[in-house]
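Trainee: Handing you this structure, nothing more for now.
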Amino acid sequence: MAEPGCGRPCELALNGLVDNDQKIQLDLYDMYGRKVLARDYGNSGSSFSTVLELPSEVTSGVYLVHITVNGVTTIQRLSVVR
């Protein structure tokens with residue numbers, strides 16, 4: 001995951017996906033635990049990528065990105081600089 005700055009989009013790339021079809025859910029939380037963004041995707045194959053346009057409500061700060069693929073969740077930290 002990239003760190004966007006000053007209005008740049010954030011690229012999300014997942015590799016090594018093992019199921020033929022995936023349900024991908026992305027949830028972005030601020031440091032107070034509030035969900036500020038939710039996206040759902042469908043995918044086939046071993047990799048997935050998309051450009052995530054962060055809305056203007058997502059201000060500079062540190063966020064937690066919960067990425068769930070077919071029920072398995074991974075959490076990554078994301079720094080946003082606007």
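Trainee: Does the range 3-20 include one or more residues that are among the β-branched types (Val, Ile, Thr), free of Cβ contacts under 8 Å to residues at least 60 places away in the same chain and assigned to a strand (DSSP E or B)?
Mentor: no
Trainee: Next question. Using beta carbons and a limit of 9 Å, which pairs, at least six apart or on different chains, have the first residue in the range 56-71 and free of Cβ contacts under 8 Å to residues at least 60 places away in the same chain and farther than 15 Å from TYR32 by Cα and the second one in a strand (DSSP E or B) and of a type in the set (Asp, Glu)?
Mentor: ILE67/ASP27; THR68/ASP27; ASN70/ASP21
Trainee: If we keep just the residues of the range 21-40 that are assigned to a strand (DSSP E or B) and over 11 Å from the mean Cα position of the chain (by Cα), which is surrounded by the most Cβ atoms within 10 Å (Cβ to Cβ)?
Mentor: My answer is GLN22.
Trainee: Could I ask something else about it? If you scan the range 28-61, which residues turn out to be in contact with a Lys or Arg (Cβ under 9 Å, 6 or more places away or on another chain), closer than 16 Å to PRO9 by Cα and at pLDDT 95 or above?
Mentor: LEU28, the sole residue that qualifies.
Trainee: Is it the case, given these coordinates, that ILE67 is at pLDDT 95 or above, surrounded by 12 or more Cβ atoms within 10 Å (Cβ to Cβ) and either on the phi > 0 side of the Ramachandran plot or outside any loop (DSSP other than H, G, I, E, B) (or both)?
Mentor: The answer is yes for ILE67.
The values are calculated or read from the model by the stated rules, or taken from the named source; none is laboratory data. Computed from a predicted structure; not experimentally measured. Cβ: placed from backbone, ideal geometry, glycine included. Neighbour counts: every protein chain shown.
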